[in-house]
Amino acid sequence: MIELLNITKIYKTVSVETKALKNVSFNVKDGEFIAIMGPSGSGKSTLMHILGCLDVPTSGKYLLDGRDVSQLFDDELAEVRKNKIGFVFQSFNLLPRATVIRNVVLPLVYSNVPKIEREKRAKEALFNAGLEESHFNHLSNQLSGGQMQRVAIARALVNNPFLILADEPTGNLDSKTGEIVLEAFQKLNFKQKRTVIIITHEFYVAEHARRIIHIRDGSIIKDEINHHQRIIKL
């Protein structure tokens, strides 16, 4: 599904050259649940941007679903993101004065999906993300943090992507609410066989994944199966 080969990312200014990633290589199989873990400045966010086709590497090759996306132009990358990748961010990125349903259907509006089909797929995604139907017509700013993140997960699911990328998805949540959100990711992975990659600096988040990739100073220092995966009751 995913193959990264010697990915290097260099940022340059007039006087400084910074290697954010240094010859990063790993594979991701369909249906895996992976945490990419590292401290601030480790390169994990740069890696997420490349995995999510938000940026391209300076050198190396990135194969996504058999296609080399490492040298695509911006409009081609946008098409890949729209059809293959769902994003969940720390800050939710919801429209505060729009309803839950409206927030979730937005990606389908841009894909020219008919209205009836949009609402059907949005409701299905919200159920899969674990949000109660009684909240579907609430404004997003009327929800708790955990509920907002579930809406964000539903929005990531609505285009039926084969890869879900979550960037610090519990960063704005208390630990109890964070567990609820992590439970939603585990259900998506275990029950729907979705491929999930979570970017985090917190070990308690990473330990919910089946595989943990540790990154520091732009390099992978450990890639391990988590034999003590913390399973939330599903």
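The values are calculated or read from the model by the stated rules, or taken from the named source; none is laboratory data. The shown structure was predicted, so the numbers you read here are calculated from the model rather than taken from an experiment. Positions of Cβ are backbone-derived with ideal geometry, glycine not excepted, and every protein chain shown enters the neighbour counts.
Of all residues in the stretch 212-234 being in a loop (DSSP other than H, G, I, E, B) and not aliphatic (A, V, I, L, M), which is farthest from residue 196 (Cα to Cα)? Only one residue fits best here, namely 217.
Condition check: assigned to a strand (DSSP E or B), among the hydroxyl-bearing types (Ser, Thr, Tyr) and surrounded by 15 or more Cβ atoms within 10 Å (Cβ to Cβ). Does residue 8 satisfy that? Yes, satisfied.
I'm trying to understand the selection: among the residues of the stretch 182-211, which are aliphatic (A, V, I, L, M) and in a helix (DSSP H, G or I)? Across the stretch 182-211, the qualifying residues are 182, 184, 188, 205, 206.
Scanning the stretch 148-180 for residues that are buried (at least 21 other Cβ atoms within 10 Å of the Cβ) and either part of a helix (DSSP H, G or I) or acidic (Asp, Glu) (or both) yields 148, 149, 150, 151, 152, 153, 154, 155, 156, 157, 178.
Which one of 141, 128 is surrounded by 19 or more Cβ atoms within 10 Å (Cβ to Cβ) and either modelled with pLDDT of 90 or more or in a helix (DSSP H, G or I) (or both)?
Every option except 128 fails the conditions.
Within the stretch 17-34, residues that are farther than 19 Å from residue 206 by Cα sit with their Cβ atoms under 7 Å from residues that are part of a strand (DSSP E or B) and of a type in the set (Phe, Trp, Tyr), at 6+ positions apart or across chains, in these pairs: 18/11; 20/11. Which residue is nearest to residue 174 (Cα to Cα), if the candidates are limited to the stretch 66-111 and must be among the polar types (S, T, N, Q) and crowded, with 18+ Cβ neighbours inside 10 Å? Checking each candidate, the answer is 103. Can you tell me which of (1) part of a strand (DSSP E or B); (2) over 18 Å from residue 88 (Cβ atoms) is the one residue 34 doesn't meet? Looking at each condition in turn, residue 34 falls short on (2).
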